[in-house]
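**Student:** Attaching a single structure in structure tokens format; questions to follow.
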Amino acid sequence: MKMYRYVCAILILGLFCLTGCAALEDALLQKKPRVSLAGVHFSDVGLKSASLVFDVEVENPYSVGLPLVNLDYQLTSKAEQLFTGAADLQTTIPAQSSREVALPVTLNYLDLVKAFKDVRPGSVIPYEAALGLSLDAPVLGRIRLPMDKSGELTAPTIPKASEVDWKKLLDKVTK
């Protein structure tokens, strides 16, 4: 019986020593990060491609920084799959805070034309986005947090000749 008490005391003492690592305490309390998709918009519209940016809000409940490692995504419109893919991430969410992370995906216009045969500049495009954000959580290891969002995007319009910054355009073409 005495041996049992010693073993229990050593285990409890060891656990208290380990809880000095706040990440273990957080994991034992089963705190989990939360993510939400704040929005989707176009950016960096060029001659051959555009970027579709997913604005993701990530909340880190842990007392240590949370490295984001991967984003997988699938975008559909009117029940037709438009594109899927994955992107490596190189950012960290600070301890016990939230941060909005912009996750850009480059879209080639030829691929978009195939997907959106009937879409014209300025058209409204309904979408459903399914994303998975993977992160390295303390003690728990790599976890994937799923997100879903639906809404509408407005297709970029072609600028009028008077709105074009010809110097900037020529700089891009000559690069």
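**Student:** For residue 63 and residue 86, compute 0.36 nm times the residue count separating them, minus their Cα-Cα distance, and round to one decimal in nm.
**Tutor:** Result: 5.5 nm gained on full extension.
**Student:** Same structure, new question: Go ahead and run the numbers for FRET between residue 108 and residue 139, Cβ-Cβ distance against an R0 of 35 Å, rounding to 0.05.
**Tutor:** 0.30
**Student:** Dipole magnitude of segment 97-152 about its Cα centre, charges +1 at Lys/Arg Cβ and -1 at Asp/Glu Cβ only, in debye to the nearest 20?
**Tutor:** Using Cβ point charges on Lys, Arg, Asp and Glu, segment 97-152 gives about 100 debye.
**Student:** If each Cα of segment 32-159 is one equal point scatterer, what is log10 of I(q)/I(0) from the Debye formula at q = 0.13, 0.15, 0.18 Å⁻¹?
**Tutor:** One equal scatterer on each Cα of segment 32-159 leads to -0.56, -0.71, -0.94.
**Student:** Residue 148 label point, 7 Å along Cα→Cβ, cut-off 19 Å on backbone N: hits in segment 38-66?
**Tutor:** Under cut-off, by backbone N: 38-40, 55-57.
**Student:** Would you mind checking which residues have amide H under 5 Å from residue 82's amide H? H placed 1.01 Å from N; only 5 or more apart, or other chain.
**Tutor:** 75, 76, 77
Read-outs: derived from the displayed coordinates by stated rules, not from any lab. Everything numeric here is computed off the predicted structure, so don't read it as measured data. As a convention, Cβ positions derive from the backbone with ideal geometry for all residues, glycine included, and neighbour counts pool all protein chains shown.
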